[in-house]
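First the structure, in the form of structure tokens, and then the observations on it.
The values are calculated or read from the model by the stated rules, or taken from the named source; none is laboratory data. Please read these numbers as outputs of a predicted model, since none were measured by experiment. Please note: Cβ atoms are built from the backbone with ideal geometry, for glycine as well, and neighbour counts cover all protein chains shown.
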């Protein structure tokens, strides 16, 4: 487990068992993850997305009472994964963390409630997995512009493929954070 510059974000490296037959690892063990993340964490929904190269998804979050914590990983391909701190009382409010996740490095990224999340697929047919602590609630979902100048996220791609919803996200300076 590796702590990052923004408090509460974690990179988790599962223990790998590799031999001439291939590879095995536990992608989730409730007891172990409750020790790492705290006993109050319960994952209740799993999601998978498959993206073409240069697809950018985000920056999404859900407002309370449906705020989501996410444990994310890449099953195939690679992404640049971003978490933006939306907690008004945080010393790192408005700052972001960017990590590369891939099927090669097997890293898992824990993003607690109070963060906007997005990623950009770096390879064709990238398979991305999310374990979530709250159900999806479209009425509580918001989007912050992926290319907001205040955030200045270094996506490292030139022409991302973006959904209509993500093209009309809110400016960071005009949205009101629901997180303390």
All-but-one check, residue 157 against (1) without any contact (Cβ under 8 Å) to a residue 60 or more places away in the chain; (2) on the phi < 0 side of the Ramachandran plot; (3) not in a strand (DSSP E or B), failing number (1)
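Pull up the range 38-60, narrow it to residues that are surrounded by 17 or more Cβ atoms within 10 Å (Cβ to Cβ) and in contact with a helix residue (DSSP H, G or I) (Cβ under 9 Å, 6 or more places away or on another chain), then point me to the one that is nearest to residue 161 (Cα to Cα).
Filtering the range 38-60 for residues that are surrounded by 17 or more Cβ atoms within 10 Å (Cβ to Cβ) and in contact with a helix residue (DSSP H, G or I) (Cβ under 9 Å, 6 or more places away or on another chain), the one nearest to residue 161 (Cα to Cα) comes out as 56.
For residues that are assigned to a loop (DSSP other than H, G, I, E, B) and in contact with a strand residue (DSSP E or B) (Cβ under 6 Å, 6 or more places away or on another chain), scanning just the range 163-174, find the one that is surrounded by the fewest Cβ atoms within 10 Å (Cβ to Cβ).
Initially, the range 163-174 is screened for residues assigned to a loop (DSSP other than H, G, I, E, B), giving 163, 168-169, 171-174.
Okay, now just the ones that are also in contact with a strand residue (DSSP E or B) (Cβ under 6 Å, 6 or more places away or on another chain), so 169, 172.
Values: 169: 21, 172: 18.
Applying the filter and picking the extreme gives 172.
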Taking the range 133-149 and keeping only residues that are loosely packed, with under 11 Cβ neighbours inside 10 Å and closer than 18 Å to residue 83 by Cβ, one is left with none
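Would you point out the residue of the range 22-57, among those that are modelled with pLDDT under 95 and in a strand (DSSP E or B), that is farthest from residue 131 (Cα to Cα)? Walk me through it before giving the result.
Step one: filter the range 22-57 for residues modelled with pLDDT under 95, giving 22-42.
After this cut, where a residue has to be in a strand (DSSP E or B) as well, the list is 22-24.
On the way: 22: 25, 23: 22, 24: 19 Å.
The selected residue is 22.
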With the first residue restricted to the range 62-74 and required to be within 15 Å of residue 85 (Cβ to Cβ), and the second required to be modelled with pLDDT under 95 and in a loop (DSSP other than H, G, I, E, B), Cβ contacts under 9 Å at 6 or more apart or on different chains are 69/41
- Does residue 12 meet the test of being farther than 22 Å from residue 122 by Cα, in contact (Cβ under 8 Å) with a residue 40 or more places away in the chain and in contact with a strand residue (DSSP E or B) (Cβ under 6 Å, 6 or more places away or on another chain)? no
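Please state which one of 42, 20, 81 is farther than 27 Å from residue 175 by Cβ and free of Cβ contacts under 8 Å to residues at least 60 places away in the same chain. Let's see the steps before the verdict.
Values: 42 fails: free of Cβ contacts under 8 Å to residues at least 60 places away in the same chain; 81 fails: farther than 27 Å from residue 175 by Cβ.
Sole residue among the options that is farther than 27 Å from residue 175 by Cβ and free of Cβ contacts under 8 Å to residues at least 60 places away in the same chain: 20.
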Of the residues in the range 123-154, those that are farther than 17 Å from residue 79 by Cα and not in a loop (DSSP other than H, G, I, E, B) come to 132, 138, 139, 140, 141, 142, 143, 144
